[in-house]
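Report on one structure; see the data block that follows.
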Amino acid sequence: MSKALSNRINSLPVSQTLAMAAKARELKKQGKDIISLSLGEPDFNTPDFIKDAAIEAINQNYNSYTPVDGYLELKEAICTKFKRDNNLVYKPNQIVVSTGAKQSIANIAQVLLNPGDEVLLPAPYWVSYSAIATLCEAKFIEIPSSIDADFKITPEQLEAAITPKTKMVFFNSPNNPSGSIYSEKEYKALAKVLGNHPQIFILSDEIYEHINYGDKPFSFAAIESMYDRTITVNGLAKAFAMTGWRIGYIGAPDWIAKACTKMQGQITSGANCIAQRAAITAVSATPDKVQYMVDEFKSRRDIVLNLLGKIDGFKLNIPEGAFYVFPDISAFFGKTIRNKEIKNANDFSMLLLEEANVATVTGEAFGAPKCIRMSYAASELQLREAVKRIKEVLS
Ligand code: GLU
């Protein structure tokens, strides 16, 4: 029967982050002692003050359909947050709340991309960007970077990748999977290039905004000349440990927001009512309310970098945000370890799963075939044990 499936779904790869997480879960169920560093998901509980808001919403009988683009109170709270944290002025009619930032991104792609349009993806990039572009029959063009360039692209590379067909570019800072952050200066240099190409729209995915260990990340739309063609994406999942609540949102030119609302109105309607009520409380909270999680992530990052740095063949940079390390492990390519030939990052990631019982995600899924992604959103104990096992397998 699978032959009856559409070309659309057949052309779509499975999400490698979710696939690896499912595999790790399955192996755990079979009794294997798997440490999963695959999924990017905070291992904290959602803060009590947010849970309380959700409980109150249930008790107040919030059970009806919501406005497709989100409750007005939530959109107002998001506008306040954009001003407070990002120096961005949006009005409620420029905000659309969705079922996770993933849906926000899919909406934007669906409303802006035509078949044959080109989407520039500075690599490494989050696995679903390319798939979402593919679903729109658009062509994604990778702009490669390397660990030596701190996984960032240059203005020259951006210029060289642009063609008359280029419709969008996706930026993501702090970046999943590399943890790199573009400075204001770096973003302004990229904006200068885009200034000469007014047909290009910019999607700025800022979902890891609050999880940073140095300078506060800069919002691309804060560059005045870019505001009218930038869509700022954010959500609650990462900063507030609310992955399963599924609330994402955009700030965008009003005509784009309106189109996203129309798209969403035919597919899912408004996001979950209880999660939206809780989201009002979450986005209204100042970032210091969740700083304890960021501090913990930083301490784990340092531990993991220190331990992995002692393994020959792991080339590391220092991620400035998010909760991943993205080592270049190409030094192992061509070697045979435990009777397994390591030809690429997929083989290496499978080696770690099968021989060390540690789940990671291959860099190939992120357009960076020399690397693997390891999430350090796990306990210190698990992280230490995972690196110990990896070291044993490789020695
Ligand atoms: N964004 C997270 C990750 O990269 C969650 C899984 C997903 O949606 O890809 O692991």
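The values are calculated or read from the model by the stated rules, or taken from the named source; none is laboratory data. Keep in mind that this is a model prediction, so the values were computed, not measured. Every residue, glycine as well, gets a Cβ built from its backbone with ideal geometry; the counts of neighbours run over all protein chains shown.
Tell me, which residue of the stretch 106-127 that is touching a helix residue (DSSP H, G or I) at 6+ places or on another chain (Cβ under 6 Å) and under 30 Å from residue 277 (Cβ atoms) is surrounded by the fewest Cβ atoms within 10 Å (Cβ to Cβ)?
Once the filter is applied, the top-ranked residue is 110.
Check the stretch 376-395 and report whether any residue there is within 16 Å of the ligand (Cβ to nearest atom), part of a strand (DSSP E or B) and among the aliphatic types (A, V, I, L, M).
No - not one qualifying residue is present in the stretch 376-395.
Residues in the stretch 64-78: is at least one under 20 Å from the mean Cα position of the chain (by Cα), of a type in the set (D, E, K, R) and either in a loop (DSSP other than H, G, I, E, B) or closer than 26 Å to residue 241 by Cβ (or both)?
Checked the stretch 64-78: no residue is under 20 Å from the mean Cα position of the chain (by Cα), of a type in the set (D, E, K, R) and either in a loop (DSSP other than H, G, I, E, B) or closer than 26 Å to residue 241 by Cβ (or both).
Of the conditions (1) in a loop (DSSP other than H, G, I, E, B); (2) within 16 Å of the ligand (Cβ to nearest atom); (3) aliphatic (A, V, I, L, M), residue 203 satisfies every one except a single condition; which number is it?
For residue 203, the failing item is (1).
Report the residue count in the stretch 151-197 for those that are β-branched (Val, Ile, Thr) and part of a loop (DSSP other than H, G, I, E, B).
5
Listed residues 258, 238; which is buried (at least 23 other Cβ atoms within 10 Å of the Cβ) and at pLDDT 95 or above?
That would be 238, the only listed residue that is buried (at least 23 other Cβ atoms within 10 Å of the Cβ) and at pLDDT 95 or above.
Looking only at residues that are buried (at least 18 other Cβ atoms within 10 Å of the Cβ) and part of a helix (DSSP H, G or I) in the stretch 1-52, which one is modelled with the highest pLDDT?
Checking each candidate, the answer is 50.
With assigned to a loop (DSSP other than H, G, I, E, B), within 16 Å of the ligand (Cβ to nearest atom), in contact with a Gly (Cβ under 8 Å, 6 or more places away or on another chain) and within 22 Å of residue 201 (Cα to Cα) as the only criterion, which of 125, 90 stands out?
Answer to the selection: 125.
Given the criteria crowded, with 24+ Cβ neighbours inside 10 Å and at pLDDT 95 or above, does residue 244 qualify?
no
What number of residues within the stretch 242-270 are outside any helix (DSSP H, G or I), in contact with a helix residue (DSSP H, G or I) (Cβ under 8 Å, 6 or more places away or on another chain), away from the ligand (no atom under 13 Å from the Cβ) and under 25 Å from residue 54 (Cβ atoms)?
Number satisfying all stated conditions: 6.
Suppose the filter is within 16 Å of the ligand (Cβ to nearest atom) and in contact with a Lys or Arg (Cβ under 9 Å, 6 or more places away or on another chain); does residue 36 pass it?
yes
Considering only residues that are out of contact with any Leu (no Cβ under 7 Å at 6 or more places or on another chain), farther than 11 Å from residue 94 by Cβ and aromatic (Phe, Trp, Tyr), which ones fall in the stretch 213-268?
Across the stretch 213-268, the qualifying residues are 213, 218, 220, 240.
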